[in-house]
Amino acid sequence: MTGRKVIERQRAWVNHAACRDSDPTLFFPDALRGGTKKAERICVHCPVIAECNTYATEGQEEGIWAGKRRYPSHKKSLR
Ligand code: SF4
């Protein structure tokens, strides 16, 4: 299997994401200043929440991923 096919297989879960047709602004940093309930409600019913959680944790993503608020590591130290 080529490297590209491995990456495509690893990211195949995205095609099943409950948020794939949602407004992205619900899930990214500006949402952290406002309400996050809409994004969290979408995540609760997502069939790939485990895959999303692994991806976001390994990639240290920020925003709303797998129903959790995630902040960049440099901001965590400020809390
Ligand atoms: S868990 Fe939430 S952020 Fe992750 S793919 Fe599903 S709907 Fe999107």
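None of the figures in this text is laboratory data; all of them are computed from the coordinates on show. Fair warning: this is a prediction, and the values are worked out from it, not measured in the lab. Reconstructed Cβ throughout: ideal geometry from the backbone, glycine too, with neighbour counts over all protein chains shown.
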**OP:** Give the total of Lys-Lys pairs in segment 3-76 with Cα-Cα distances below 24 Å; include a pair only if its members are 8 or more places apart or on different chains.
**Re:** 7
Original post:
How large is ³J(HN,Hα) for each residue in segment 10-15, as worked out from phi by the Karplus curve 6.51 cos²θ - 1.76 cosθ + 1.60 (θ = phi - 60°), to whole Hz, x for Gly and Pro?
Top reply: 5, 9, 4, 4, 4, 5
Subject >> Full-stretch length increase - F28, I7 - with 0.36 nm per residue and alpha-carbon distance subtracted >> reply: 5.2 nm
Subject >> Cβ-based net charge around I49, under 12 Å, with every Lys or Arg adding one and every Asp or Glu removing one >> reply: -1
Original post:
Seen from all sides and averaged, what is the projected area of the convex hull of the Cα atoms in segment 3-76, in nm²?
Top reply: 5.3
